[in-house]
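See structure below.
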Amino acid sequence: MSHHRTELIIFDLGRVLVDFDFQAVIRNLKKYSPLGEKQILRYFEKTPLWDRFERGQVAPALFFKELTRDLKLKKLSFETFAVLWNSIFTEKHDTVAILRQLRTRYRLAMLSNVNEMHWQFIVGRHSFMEWFDHPVASYATGYRKPDLEIFRVVLRKAGIPPQGALFIDDVESHVQAARTIGIRAYRFINAALLRRDLDELL
C-alpha cells in the first residue's frame, strides 16, 4: 500500500500525552454529596451534560450549577470545584519524547474531546502544548470524536488532504472514524508500540 507523504501528525491528548485519574474527581465530589461513588460514576456515564460540556454548549459556571443540583452538592464553591476537577493529570513523558522528535520534521495537530476547564488547565501547565501548530479542542468546535466533521476541521486548518495526515488515538472508534475519511490512523496502546508504528517517520 503506497502512502501519500505524511505532512501532519494529529495527536489525541488524554491517555496519549497525559494520563488522568477521574476516580479522584469522584472521590472528592463524594465529600460534598450524599450520593455514593458508584452513583456519582453512573451519573457521569449517563448524563448528557458531559457531552454538552465537551461540545462547548455549556459554560463552566453552568456546568457546575447543573452538577451541584444533580449530585446534591453542598458547601462546594466553584473555586474549590475547579481545583478538584482539574488536578487529575499526569504527563506521559515517554509519549511526549516521541512528540519532541516529530515536531522538528512534521506539522503537529491536537484533536481532543475535552471541556474548557481541562483544556485551559493543561495548556497552562504543560509546555508541550505549545508545540502544536493546529490545536483543536472539541468544546471550541461543537463537535466530538468520532464525529467526522471534527477531523475535517483539523484538515481544513492545516490545509492538507486526509491522505497527508496521520492520526493517533487510544479509542478504537475514533481511529476507525479517521480511517473512514482517508486519514491513516493508529490506535495508541503505549509509547513503545507507537515508536514501532511510526518507525519510518522517526
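List the aspartates and glutamates whose Cα lies under 19 Å from the Cα of LYS31, skipping any in the same chain that are fewer than 8 positions away.
ASP21, GLU66, ASP70, GLU79
Could you work out how much longer the chain between VAL123 and PHE44 gets when fully extended? Use 0.36 nm per residue separation minus the Cα distance between them, nm to one decimal. Each step should come with its number before you reach the end.
Details: separation 79, 0.36 × 79 = 28.44 nm, distance 2.40 nm.
Answer, rounded to one decimal: 26.0 nm.
Quick check on packing: order 88-96, 4-12 by the mean number of other C-beta atoms within 10 Å, highest mean leading. Walk me through the intermediate numbers first.
Values: 88-96: 15.8, 4-12: 18.9.
The most tightly packed comes first, giving 4-12, 88-96.
Among LEU62, LEU73, LEU166, determine the one that fluctuates most according to a GNM of the chain built with springs between C-alpha atoms less than 10 Å apart.
It is LEU62.
Based on the alpha carbon coordinates of segment 22-86, what radius of gyration and maximum Cα-Cα distance (Dmax) apply, in Å?
In order Rg, Dmax, the Cα atoms of segment 22-86 give 11.0, 29 Å.
Under 29 Å Cα-Cα from LYS30, which lysines qualify once same-chain neighbours fewer than 8 residues away are excluded?
Leaving aside lysines fewer than 8 places away in the same chain, those within reach of LYS30 are LYS38, LYS46, LYS65, LYS72, LYS74, LYS75, LYS92.
What residue among VAL175, VAL114, VAL83 has the largest mean-square fluctuation in a Gaussian network model of the chain, using Cα springs under 10 Å?
Largest GNM mean-square fluctuation: VAL83.
In a Gaussian network model over the chain where Cα atoms closer than 10 Å are linked, find which of PRO60, PRO34, PRO135 has the largest mean-square fluctuation.
Result: PRO34 has the largest fluctuation of those listed.
All of the numbers you see were taken from the coordinates with simple rules; none came from a lab. These numbers come from a predicted model, not from an experiment. So basically every Cβ, Gly included, is an ideal-geometry build from the backbone, and we count neighbours across all protein chains shown.
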